[in-house]
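Values in this text are rule-based calculations from the coordinates and carry no lab data. Since we're looking at a predicted model, the values are computed, not measured. When we count neighbours, we look across all protein chains shown, and the Cβ atoms used for this are built from the backbone with ideal geometry, even at glycine.
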Amino acid sequence: MIVSPSLLSADFGNLARDIEMINHSKAQMLHLDVMDGVFVPNISFGFPVIKYVQQLCKKPLDVHLMIVEPQKFVNQVRDCGAKIMNVHLEACNHLDRVVQQIHDAGMKAGVTINPATPVCLLRDIVEQLDLVLLMSVNPGFGGQKFIPNTLNKVRELKALLQEKGSKAVIEVDGGVNEVTGRQLADAGADILVAGNYVFKAEDPLKAIDTLVNL
């Protein structure tokens with residue numbers, strides 16, 4: 001299993017230390033949640049922090065924009081060193097255009113859908129995507145409880161990707177731990193985003209190992 005720890009749960013007073021832990025872990029990427037207080041009811045961090053993280057982190061950055069009008073910031077995300085730019089379907093009036101912008105900027109394109117957004121809305125875009133992120137909690141805050149219906153959405157999305165011949169991988173974010181992680185792996189998820197489960201653990205490296213070995 002590919003594991004992408006969520007920086008949102010890190011200790012920002014000891015950010016370099018936590019990133020160094022990720023560098024020495026089996027995590028394959030680092031997930032960065034950018035929140036604007038408009039699309040979601042919280043504000044996290046912006047481009048200066050992403051640039052700082054990129055300088056320290058040896059793993060690819062998976063930048064998840066929980067913001068309105070993400071198309072305005074494609075080049076800035078690229079210039080911060082991101083390998084993946086992830087935008088919300090719900091925030092993009094012209095999703096096809098945004099995905100093209102991301103690819104033209106040299107990044108992999110991901111699209112995220114919220115818990116109440118049906119998978120079928122991705123039908124006409126999945127062939128162009130590198131990644132689909134299913135939110136298994138309502139976006140905006142860490143530490144929320146996993147929404148069980150996500151398992152059905154993973155199975156539905158897996159079937160859609162196979163039907164359309166899409167090579168996109170399935171990522172899931174929210175309430176991930178060793179129990180829900182196992183369920184998600186069985187349902188067909190490829191990448192698990194984990195925040196509190198990793199950064200609040202007594203042994204974060206062991207927590208990452210547990211998810212990697214699911």
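Gyration tensor analysis over the Cα atoms of the chain returns equivalent ellipsoid semi-axes of 24, 21, 15 Å (largest first, whole Å). Which of the listed residues, 6, 141, 189, is farthest toward the dipole's positive end in the range 2-212, when Lys, Arg count +1 and Asp, Glu count -1 at the beta-carbon? After comparing all options, I get 189.
Extending 7 Å from the Cα toward the beta-carbon at both residue 179 and residue 213 defines two label points whose distance is 2.0 nm. Placing +1 on the Cβ of every Lys and Arg and -1 on the Cβ of every Asp and Glu, with no other charges, gives the chain a dipole of roughly 180 debye about its Cα centre.
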